[in-house]
Amino acid sequence: MQNQQLLDQNNINFEDDFIRPLFSGENEYFIESKENALEDLEQLISSAIFPIILDDDIFNKEEQLDKANKLIEYLEEFKEIYKKPWLLRDTIIAVAGKFSAGKTTLINNLLEMGGVLPTNTKAATAVPTYIVPNLMGLKPNKEFLAVTFEGKLKKFNIEILKSLNKDVAKNFIIPISAIIKSFIVPTSGTGNFAVIDTPGYNPGDKHSIYDRESAIESIKIANIIFYVIDIQDGDITNDAVNFIKSVLKGKSDTKLYIVLNKADKKPPKSRIKIKEKIKQTLMNEKIKFESIFLFSSNQGKKIDSETEKDIENLKNLIEELSISKNEISKHALFSYIEDVMAHAMGTSFVYFKALNKIYDVKKSLEKFSDKDLEILGDFKEKIEFLDENLIKNKIDSFSALGTEAKEIIRKVEKIKQQLQFKLVTEN
Ligand SMILES: Nc1nc2c(ncn2[C@@H]2O[C@H](COP(=O)(O)OP(=O)(O)OP(=O)(O)O)[C@@H](O)[C@H]2O)c(=O)[nH]1
Ligand SMILES: [Mg+2]
């Protein structure tokens, strides 16, 4: 559909309804969160968590290095997400793929969004779009935010979003992606997850290098990737393989799903063949993936039972994520800290118990006369050789370490609560 037609049909004037309000002082939103929560977290990590990781009684040298590096990696990743706090969710799904693979149609369909996201036979999605169920402070399915390059959050009515496709601004000097960094779209669904719709890129096209880089950047923070392929391509291209490899580089926890889209465009037999071929290519390329789903947003009667099963499975996957969990994000950083502290507590407790036993044995020796103890021979000397104060000190220090690890978990819980944010508007 032509842009002007699209705008006319939706009764929207791009300049009056989007550009002017964007640069006016109206409808600006702000992120309100407890100040310093992130600094408190960093401070706790450096002053209390690192010393425990580097404690020779808890981890050996090799583990220390490994654990410390992993902690730094998780912290950096968390800080990256915290710049876009609406993504502070258990699960971030990024949907990636070439132009017109059907990414946006898939999201509209899977999240039952009533087609509010712009789709088109030509390049459609202009900027990374964050779809967030249950976002406090905005009316779901009625409003959305545009994030400007200055970091301003401007609210608009959802009706206008559909028209904001890639070349709606063609009549203007600059494209949307030059004024807008991203869109945030709240939905009425529940669930502690967010979906990122990325602008497709055109392999081999110099001009779409920016789109490719921007897609890679916005996908890196995801822990699940849906890579969408138009089944009419017949296989996964070299470019897609390279794209996936660069996204997954150094991210061993990220799960990859392949969506073989527009299944309705191929006969059943050839669908299965293409699916097999892609599976083989991925295996040859040593790309780890969870599964390949056949999908179609244009279902009708052409769909065979295999495709139907795949569609069902993909819908179930989303359904599972939608089971609402109201707590704040369990980002890997937090479970990692918990695991490390649990290990520290467990280890201290074992030492604590063992040292107490040794201490008891040593103490009980005092009850016997030297003659009685002769029976112990060398063993007696060895036990007596143990310094009582040293044992006592060790017992105290393990007891303190256990208490401290517990305290750290409590503090992290508290900071987690403070990391929660609210969207507020001045008017
Ligand atoms: N037949 C058929 N067409 C589809 C299907 N999914 C999407 N399409 C069509 O494919 C075209 C592109 O869909 P989009 O959802 O805009 O694709 P996209 O991957 O988001 O594209 P960009 O945002 O430009 O990267 C549109 O004309 C859709 O109607 C499908 O399952 N079957
Ligand atoms: Mg799109």
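The values are calculated or read from the model by the stated rules, or taken from the named source; none is laboratory data. This is a predicted model, so every value here is computed, not measured. A quick note on method: Cβ atoms are made from the backbone with ideal geometry, for glycine too, and the neighbour counts reach across all protein chains shown.
Somewhere in the stretch 134-149, is a residue out of contact with any Asp or Glu (no Cβ under 6 Å at 6 or more places or on another chain), within 13 Å of ligand 2 (Cβ to nearest atom) and not polar (S, T, N, Q)? Spell out how you get there, then give the answer.
Of the stretch 134-149, the ones out of contact with any Asp or Glu (no Cβ under 6 Å at 6 or more places or on another chain) are 134-149.
Now narrow it down to the ones that are within 13 Å of ligand 2 (Cβ to nearest atom): none.
Within the stretch 134-149, none of the residues are out of contact with any Asp or Glu (no Cβ under 6 Å at 6 or more places or on another chain), within 13 Å of ligand 2 (Cβ to nearest atom) and not polar (S, T, N, Q).
Testing Glu413 on (1) part of a helix (DSSP H, G or I); (2) buried (at least 16 other Cβ atoms within 10 Å of the Cβ), one condition comes back false. Which one is that?
Tallying (1) part of a helix (DSSP H, G or I); (2) buried (at least 16 other Cβ atoms within 10 Å of the Cβ), Glu413 fails exactly one: (2).
Among the residues that make up the stretch 391-407, is at least one of them surrounded by 11 or more Cβ atoms within 10 Å (Cβ to Cβ) and over 53 Å from the mean Cα position of the chain (by Cα)?
If we filter the stretch 391-407 for residues that are surrounded by 11 or more Cβ atoms within 10 Å (Cβ to Cβ), which is where we start, we get 391-407.
Remaining after also requiring over 53 Å from the mean Cα position of the chain (by Cα): none.
Scanning the stretch 391-407, I find no residue that is surrounded by 11 or more Cβ atoms within 10 Å (Cβ to Cβ) and over 53 Å from the mean Cα position of the chain (by Cα), so the answer is no.
Cβ contacts < 8 Å: first residue under 26 Å from Ile395 (Cα atoms), restricted to the stretch 357-374; second residue outside any helix (DSSP H, G or I), any location; separation 6+ or different chain. Result?
Within 8 Å, the pairs are Ile358/Leu386; Lys362/Leu386.
Would you point out which residue out of Thr104, Thr121 is more than 9 Å from ligand 2 (Cβ to nearest atom), of a type in the set (Ser, Thr, Tyr), assigned by TED's automatic domain parsing to the domain that holds Gly200 and out of contact with any Cys (no Cβ under 6 Å at 6 or more places or on another chain)?
Values: Thr104 fails: more than 9 Å from ligand 2 (Cβ to nearest atom).
From the options Thr104, Thr121, the qualifying one is Thr121.
Per-residue answers, yes or no, for (1) at pLDDT 95 or above; (2) over 28 Å from the mean Cα position of the chain (by Cα); (3) away from ligand 1 (no atom under 14 Å from the Cβ):
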site: Phe243; (1), (2), (3): no, no, no
site: Ser246; (1), (2), (3): no, no, yes
site: Ser252; (1), (2), (3): no, no, yes
site: Tyr257; (1), (2), (3): yes, no, yes
site: Phe295; (1), (2), (3): yes, no, no
site: Glu320; (1), (2), (3): no, no, yes
site: Ile323; (1), (2), (3): no, no, yes
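Considering the stretch 186-197 alone, what residues qualify as being touching a Phe, Trp or Tyr at 6+ places or on another chain (Cβ under 8 Å), away from ligand 1 (no atom under 14 Å from the Cβ) and among the hydrophobic types (A, V, I, L, M, F, W, C)?
Across the stretch 186-197, the qualifying residue is only Ala194.
In the stretch 131-148, how many residues are assigned to a strand (DSSP E or B) and aliphatic (A, V, I, L, M)?
Filtering the stretch 131-148 down to residues assigned to a strand (DSSP E or B) leaves 131-133, 143-148.
Narrowing the set further to residues that are aliphatic (A, V, I, L, M) leaves 131-132, 145-147.
Total satisfying the criteria: 5.
Scan the stretch 86-96 and tell me whether some residue there is at pLDDT 95 or above, within 16 Å of ligand 2 (Cβ to nearest atom) and either among the aromatic types (Phe, Trp, Tyr) or on the phi > 0 side of the Ramachandran plot (or both).
Within the stretch 86-96, not a single residue is at pLDDT 95 or above, within 16 Å of ligand 2 (Cβ to nearest atom) and either among the aromatic types (Phe, Trp, Tyr) or on the phi > 0 side of the Ramachandran plot (or both).
For the stretch 54-66, give me the residue count where each residue is in a helix (DSSP H, G or I) and either touching an Asp or Glu at 6+ places or on another chain (Cβ under 6 Å) or hydrophobic (A, V, I, L, M, F, W, C) (or both). Step through it out loud before you land on a result.
The first filter runs over the stretch 54-66 and keeps only residues in a helix (DSSP H, G or I), leaving 61-66.
Checking which are either touching an Asp or Glu at 6+ places or on another chain (Cβ under 6 Å) or hydrophobic (A, V, I, L, M, F, W, C) (or both) leaves us with 65.
The number of residues fulfilling the criteria is 1.
So if I check each of Lys142, Lys166, which one is on the phi < 0 side of the Ramachandran plot, surrounded by fewer than 20 Cβ atoms within 10 Å (Cβ to Cβ), in contact (Cβ under 8 Å) with a residue 12 or more places away in the chain and among the basic types (Lys, Arg)? Spell out the reasoning first.
Values: Lys166 fails: surrounded by fewer than 20 Cβ atoms within 10 Å (Cβ to Cβ).
Exactly one of Lys142, Lys166 is on the phi < 0 side of the Ramachandran plot, surrounded by fewer than 20 Cβ atoms within 10 Å (Cβ to Cβ), in contact (Cβ under 8 Å) with a residue 12 or more places away in the chain and among the basic types (Lys, Arg), namely Lys142.
Any chance you could count how many residues in the stretch 67-112 are more than 16 Å from ligand 1 (Cβ to nearest atom) and assigned to a helix (DSSP H, G or I)?
The initial filter retains those residues of the stretch 67-112 that are more than 16 Å from ligand 1 (Cβ to nearest atom), namely 67-92.
Applying the additional criterion that residues be assigned to a helix (DSSP H, G or I) yields 67-82, 85-87.
Total meeting the criteria: 19.
Out of all the residues in the stretch 283-299, which are closer than 12 Å to Lys265 by Cα and either away from ligand 2 (no atom under 16 Å from the Cβ) or free of Cβ contacts under 8 Å to residues at least 40 places away in the same chain (or both)? I'd like the intermediate steps shown before the answer.
Applying the first criterion (closer than 12 Å to Lys265 by Cα) to the stretch 283-299 yields 294-299.
Residues satisfying the conditions are Leu294, Ser296, Asn298, Gln299.
Quick one: what pairs do we get from the stretch 304-322, first residue farther than 19 Å from Glu112 by Cα, second buried (at least 17 other Cβ atoms within 10 Å of the Cβ), C-beta under 8 Å, 6+ apart or different chains?
That search, which allows pairs on different chains as well, returns Asp304/Arg271; Glu306/Arg271; Glu306/Leu294; Thr307/Ala263; Thr307/Arg271; Thr307/Leu294; Thr307/Phe295; Thr307/Ser296.
What's the number of the only condition in (1) assigned to a helix (DSSP H, G or I); (2) loosely packed, with under 14 Cβ neighbours inside 10 Å that Ile358 fails to meet?
Of everything listed in (1) assigned to a helix (DSSP H, G or I); (2) loosely packed, with under 14 Cβ neighbours inside 10 Å, Ile358 misses just condition (2).
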